[in-house]
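The structure appears below as structure tokens.
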Amino acid sequence: MRNTFLYLLLLGSFSAAAQLTASETKALISAERRHFQAARTQRVNSVASSNYDVTYYRCYWTVNPAVRTITGAVMTRFRATATATSITFDLHNQLTVDSVVYHGSNATFVRGTDNSLKINFAAPIAAGALDSVRVHYRGTPPNSGYYVTTNHAGTPLLFTQSESYGASHWWPCKDVNADKADSVDLYITCPSQYISSSNGLPVEESVTAGMRTTRWKHRYPIAPYLVAVAATNYVISTDNATLPGRDLPLVLYAYPENSTAFQPILGTAKFCLQEFTPLISDYPFLNERYGQTQWNLGGGMEHQTNTFLGSTSQPLVAHELAHQWFGDKVTCRSWSDIWLNEGFASYMEFQFMLLTAPATRVPFLQSWTNTVTALTNGSVYIPPADTVNEARIFDNRLTYKKGGYLGVMLRWKLGDSVFYRGLRRYLNDPTIAYGTVLTADLQRNLEAESVQSLAEFFNDWFYGQGFPNYSAQWTPLSGGSVQVTLSQTQSHPSVSFYEMPVPLQFKDATHDTTVVANHTQTGQLFTFNLGFTPDTMIIDPQLWILSKTKTVQRVLTSVPELLPPGQWAVYPNPARTSVTIRLPAGNWSGTTLRLFNAAGQKVLERPFPSGTQATIPVAGLPPGVYWLELSQRKKGASRLQLLIASR
């Protein structure tokens, strides 16, 4: 009983802040984006050669938060993937290489104007051979936002943040996501009044001549941009999260003046770890720990095993912790697929909200909807040509919000159980776990778990642009049934139709029932037996599907269907000046053509002319959604939706 009380008490403390505010969202994205923006004029894509795979880094760094310089030695162990007479690292030209040591002797090297470091070997290295090289370097990293010295309350502070292309701005490496080192050892030396924070576990520490050296040991694969260093006069707090089979150490590095205020994030992280684990699988770095380190930026950055963050916002803590699975354990292979990182971390914000403040679900998703549908275009997929555009990579509307909504819709389409089993399958797939991923890897695992093709879904929602708009006409029938004509328009021509299961809610004063329409074409007719006569219909009341408008019209009488939707055509649709109606061969004498606006008001009526085709003017009508009706007395009627666009 006591545990239940404490759990409910903890839930109450969360409920007031289950969604990132607009300013927090801006800070979150800015923390990842501002560095890229500052560096755009200074960086190029990786120039590292492809003739080797990195297996291990051992890094020795001497830093001082009061001085924006670095002195380092980085030993890289690698496996040649082809016969190699040289290999090339990424390293910014503003840093000076003093020497390169290979097999105990100095090797020759060349600095290119493209921020490259080419190392020459006296004899070729055979394909498949393991080898290593050590680079000694020093200097002042470029003022690009990837290596920052500043202060808090007058005390010097140093931190790094290397997403997307910034690791090589402060250390020599192969700066590509696709080549993860199997493990790293990081030796950080700084003046003894400072405490360093980094990846993995601090396993050794010594103080000599006023300098503190800490060895950080991390034994999981890691991408270069997820390696990080921070140093200042941190106050360290600890806790544990009880997970299946073990306790996971939690640690917080906070400024002395904020150490009390930042304590709650330990509890938030513990709650999320315990709730996320059964949903998406074990915390990926169970043999080490989860750390959170304060920095001066408002948002956060998911450095592996150690998030850097600037506030105690609970959704921010949930978002960054989720990245340990989505982004760190499985890392997008290229920035074209960054939604696999950011979209699913955003989705887990949604899951956090469902756990802590479920009553806010609709306003939460409505906020996302408003952001995404503010413009009619935009794809979650980022073409390779746009991966040098920081504004596109870190686009709040598309990468974070629409990407997150793909997770919501996949959950709706597949069902909770299958969806989460599919995510666990994806995260634990032995071909990609602790490696790098493409959207095709997620699709493949979800398809295997659900035993259905998701090609249409990903073509529409991931590659395609825009979103659907829905409209429905419904009629109560005798015996507690209803007839519904459900139609859809698309905000962008890249998608011809969004095939989705659409939830429809019907209710009256004492009944409330939701049914699902498998919507495969516009103007589709459905009949549902509800067992009562409703007075209200709502399309997708829980906002499972990303859409902007959902109009509903009640028609009090039902008539037989004159023509199924696929047997007559209306074009162009959307229309601007006129619209043509084409019918199949037959006798259409006595047919009446009517046009209704979204409010159900008739705006045009005329007999259908002889033949099978008619054209009507619409230039004088306001833009919007209309219904075009064909009817024959005693035979029936049919309706199709018509969109009249602005001229």
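The values are calculated or read from the model by the stated rules, or taken from the named source; none is laboratory data. What you see is a predicted model; the values in this text were computed from it and never measured. All Cβ positions, even for glycine, are placed from backbone atoms using ideal geometry, and neighbour counts span all protein chains on display.
The table for this structure:
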| item | result |
| --- | --- |
| Among residues of the stretch 608-635, those that are surrounded by 15 or more Cβ atoms within 10 Å (Cβ to Cβ) and within 38 Å of the chain's Cα centre (by Cα), counted | 4 |
| Evaluation of S638 against (1) modelled with pLDDT under 85; (2) surrounded by fewer than 19 Cβ atoms within 10 Å (Cβ to Cβ); (3) under 24 Å from H519 (Cβ atoms) (one fails), failing number | (2) |
| Subset tally (residues that are closer than 19 Å to P142 by Cβ and either among the small types (G, A, S) or not in a strand (DSSP E or B) (or both)) for the stretch 67-79 | 1 |
| So L595, is it more than 23 Å from F467 (Cα to Cα), outside the structural domain of Q490 (by the TED database), part of a loop (DSSP other than H, G, I, E, B) and not basic (K, R) | no |
| Candidate set from the stretch 380-397 (those that are polar (S, T, N, Q) and closer than 18 Å to G464 by Cα); member that is surrounded by the most Cβ atoms within 10 Å (Cβ to Cβ) | N396 |
| Selected residue (criterion: farthest from I644 (Cα to Cα)) from residues of the stretch 499-516 that are free of Cβ contacts under 8 Å to residues at least 40 places away in the same chain and surrounded by 19 or more Cβ atoms within 10 Å (Cβ to Cβ) | F506 |
| Among the residues listed as T293, T307, T277, the single one being out of contact with any helix residue (DSSP H, G or I) (no Cβ under 8 Å at 6 or more places or on another chain), among the β-branched types (V, I, T) and within 26 Å of L442 (Cβ to Cβ) | T277 |
| Meets criteria (of a type in the set (S, T, N, Q) and modelled with pLDDT of 90 or more) for T580 | yes |
| When residues of the stretch 534-553 are limited to those that are more than 27 Å from the chain's Cα centre (by Cα) and surrounded by 18 or more Cβ atoms within 10 Å (Cβ to Cβ), the one nearest to W627 (Cα to Cα) | Q553 |
| Subset tally (residues that are in a helix (DSSP H, G or I) and of a type in the set (A, V, I, L, M, F, W, C)) for the stretch 448-459 | 4 |
| Complete set of residues in the stretch 328-358 that are assigned to a loop (DSSP other than H, G, I, E, B) and aromatic (F, W, Y) | none |
| All positions within the stretch 508-533 that are over 35 Å from the mean Cα position of the chain (by Cα) and either of a type in the set (F, W, Y) or more than 27 Å from L563 (Cα to Cα) (or both) | D508, A509, T510, H511, F528, G531, F532 |
| Helices (runs of 4 or more DSSP H) lying entirely in the stretch 359-447 (those with 1 or more residues that are closer than 27 Å to H519 by Cα and polar (S, T, N, Q)) | 361-372, 416-428 |
| Filtered residue count, the stretch 220-240, keeping only those that are more than 26 Å from the chain's Cα centre (by Cα) and over 19 Å from W61 (Cβ atoms) | 6 |
| Yes/no for T513 being within 23 Å of S334 (Cβ to Cβ), modelled with pLDDT of 95 or more and not small (G, A, S) | no |
| Failed item, numbered, when N306 is tested on (1) under 12 Å from the mean Cα position of the chain (by Cα); (2) under 20 Å from L158 (Cα atoms) | (1) |
| Listing of strands (runs of 3 or more DSSP E) fully contained in the stretch 147-244 that carry 2 or more residues being within 30 Å of G112 (Cβ to Cβ) | 147-152, 155-160, 183-191 |
